[in-house]
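Enquirer: For reference, the structure I am asking about is given below.
The values are calculated or read from the model by the stated rules, or taken from the named source; none is laboratory data. Bear in mind the structure is a predicted one, so any value in this text is a computation, not a measurement. So basically every Cβ, Gly included, is an ideal-geometry build from the backbone, and we count neighbours across all protein chains shown. Accessible surface areas use protein heavy atoms only, side chains included; no ligands, DNA or RNA. Shrake-Rupley method; radii C 1.70, N 1.55, O 1.52, S 1.80 Å.
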Amino acid sequence: MIDLRSDTITRPTPDMLDAMMKAEVGDDVFGEDKTVNEFQDKIAGMFGMEAGLFVPSGTMSNQLGVNVLTNPGDEILIDEKGHIFNYETGAASALSGVQVRTLQGRHGKLNVPLLEHTKRGHFDWEPRTRVICLENSTNKGGGVCYSREELSEIKAFADQENLHIHLDGARIWNAITATEVEAGYFGKIADTISVCFSKGLGAPVGSMLLSSKSRIAKARRFRKMWGGGMRQVGLLAAAADYAVENNWDKLRDDHKRAKEVAQVIFDSKFLAVDLNSLQTNILLFDTVNEPAEKVIGKLNEKGIKMIPFGPQTIRATFHFEISDDDVTEVKEALAEIGKS
Ligand SMILES: Cc1ncc(COP(=O)(O)O)c(C=O)c1O
């Protein structure tokens, strides 16, 4: 099967497993795991942040980010396609007691005109708007990235309005590859950043929250409260470190392969794609006459897996287990489906 459902399906490679086996570990609840301590410092430094906290999932690191920036009753702003709003089981309200207010951006991205006049909290009876949540690249938005200019405009607005910024950078690696905005710049824009090692980079488990030392100290306490305190976690940190060092470069190929497949869709009669919004490894396309499920069924019969992302929308996500030969097969299958 050629599995394009998600970039999370990759399995650890022999070299990654080898790096895990060699990791020097200790009990991280006591703060004694050398591998995770060094890895946290390394990634924090890379993004220009004071400290990092390794956590099991992107959901936990997003939720910790929201938690350390808010108080119960506060309001957070997010694009209506945002992961925190759509796919995290309502955790922001359950765990941090905040209200999530969605805005209708474009491809999952917010902008200043949209954010203007949204801040509330002047009167006693209003929620206090506290955080702007950005996602880069956007998942439900189709892998679209913020430009440096867009980020700096939002940061200037947030400073003016005294709002914090949380950045869901589950696929920040793809965004950096596509836009060449350097990692350190994101530390200047955001108060908290969540990065994942288990998406395109291919680690089996692991995300990290990045922020100031004091916020990370607070997040560490909540990670424990939420059951995320881990013991010899250096095993996982070693896999994540291996992923950053060895797999980041491969994302360029994923992006190229997504574009190649998109071109076939663009040329087909019964499938449609917006080539201008394809920037990274997430390819969203539409079925013209048939429900997405039906087209996915036809692809399954040809040994290809994709997932529905709406009644007539399909997502294909590229990752390092997809080879050039696989891409040729996918292109042939889509060309055939797109004809009739
Ligand atoms: C943009 C984005 N943020 C956060 C997450 C959550 O990550 P996890 O599945 O590790 O909780 C995902 C997962 O796919 C994601 O796409």
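Enquirer: How many residues does region 144-177 hold that are within 12 Å of the ligand (Cβ to nearest atom) and of a type in the set (Lys, Arg)?
Expert: Here the count works out to 1.
Enquirer: Here is a list of conditions, (1) more than 16 Å from the ligand (Cβ to nearest atom); (2) surrounded by fewer than 21 Cβ atoms within 10 Å (Cβ to Cβ), and Ser211 meets all of them except one; can you say which number that is?
Expert: Here Ser211 clears every test but (2).
Enquirer: Suppose we filter region 106-131 for residues that are out of contact with any Ser or Thr (no Cβ under 9 Å at 6 or more places or on another chain) and surrounded by 21 or more Cβ atoms within 10 Å (Cβ to Cβ); how many remain?
Expert: Summing the residues that are out of contact with any Ser or Thr (no Cβ under 9 Å at 6 or more places or on another chain) and surrounded by 21 or more Cβ atoms within 10 Å (Cβ to Cβ) in region 106-131 gives 1.
Enquirer: Tell me, please, whether a residue that is of a type in the set (A, V, I, L, M) and either without any contact (Cβ under 8 Å) to a residue 24 or more places away in the chain or over 21 Å from Leu114 (Cβ atoms) (or both) can be found in region 167-174.
Expert: Looking through region 167-174, at least one residue is of a type in the set (A, V, I, L, M) and either without any contact (Cβ under 8 Å) to a residue 24 or more places away in the chain or over 21 Å from Leu114 (Cβ atoms) (or both).
Enquirer: Condition first: closer than 30 Å to Glu321 by Cβ, within 16 Å of the ligand (Cβ to nearest atom) and buried (at least 23 other Cβ atoms within 10 Å of the Cβ). Now tell me which residues in region 214-241 satisfy that.
Expert: Hits for region 214-241 are Val233, Leu236, Ala237, Ala239, Ala240.
Enquirer: Pull out all pairs, ordered by first then second residue, where Cβ-Cβ is under 6 Å, the residues are six or more apart or on different chains, the first lies in region 208-231 and is farther than 14 Å from Asn67 by Cβ, and the second is of a type in the set (A, V, I, L, M) and at pLDDT 95 or above.
Expert: As it stands, the answer is Met208/Ile43; Met208/Val195; Leu210/Ala44; Leu210/Met49; Leu210/Ile193; Lys213/Ala51; Gly229/Val29, since those pairs meet every condition given.
Enquirer: Within region 298-312, can one find any residue that is at pLDDT 95 or above, open to solvent by 40 Å² or more (accessible area, probe 1.4 Å) and in contact with a Ser or Thr (Cβ under 7 Å, 6 or more places away or on another chain)?
Expert: Looking for residues that are at pLDDT 95 or above, open to solvent by 40 Å² or more (accessible area, probe 1.4 Å) and in contact with a Ser or Thr (Cβ under 7 Å, 6 or more places away or on another chain), one finds at least one in region 298-312, hence yes.
Enquirer: Right, another one. Going by the structure shown, is Asp254 over 22 Å from Gly26 (Cβ atoms) and free of Cβ contacts under 8 Å to residues at least 24 places away in the same chain?
Expert: In short, no.
Enquirer: Enumerate the strands (runs of 3 or more DSSP E) found wholly within region 36-143, keeping only those where 2 or more residues are within 11 Å of the ligand (Cβ to nearest atom) and touching a residue at least 24 places away in the same chain (Cβ under 8 Å).
Expert: 128-135
Enquirer: Can you give me the number of residues within region 1-18 that are open to solvent by 20 Å² or more (accessible area, probe 1.4 Å), of a type in the set (A, V, I, L, M, F, W, C) and either under 20 Å from Glu301 (Cβ atoms) or within 19 Å of the chain's Cα centre (by Cα) (or both)?
Expert: So the answer is 2.
Enquirer: Right, something else. Taking the criterion of being within 14 Å of the ligand (Cβ to nearest atom), under 25 Å from Lys250 (Cβ atoms), within 19 Å of the chain's Cα centre (by Cα) and not in a strand (DSSP E or B), would at least one residue in region 188-197 satisfy it?
Expert: yes
Enquirer: Just to be sure, is Arg148 over 12 Å from the mean Cα position of the chain (by Cα) and farther than 18 Å from Ile76 by Cβ?
Expert: So Arg148 fits the description; yes.
Enquirer: Could I ask something else about it? Test each condition in (1) surrounded by fewer than 23 Cβ atoms within 10 Å (Cβ to Cβ); (2) in contact (Cβ under 8 Å) with a residue 24 or more places away in the chain; (3) under 27 Å from Ala238 (Cα atoms) for Glu182 and report the one that comes out false.
Expert: Single failed check for Glu182: (2).
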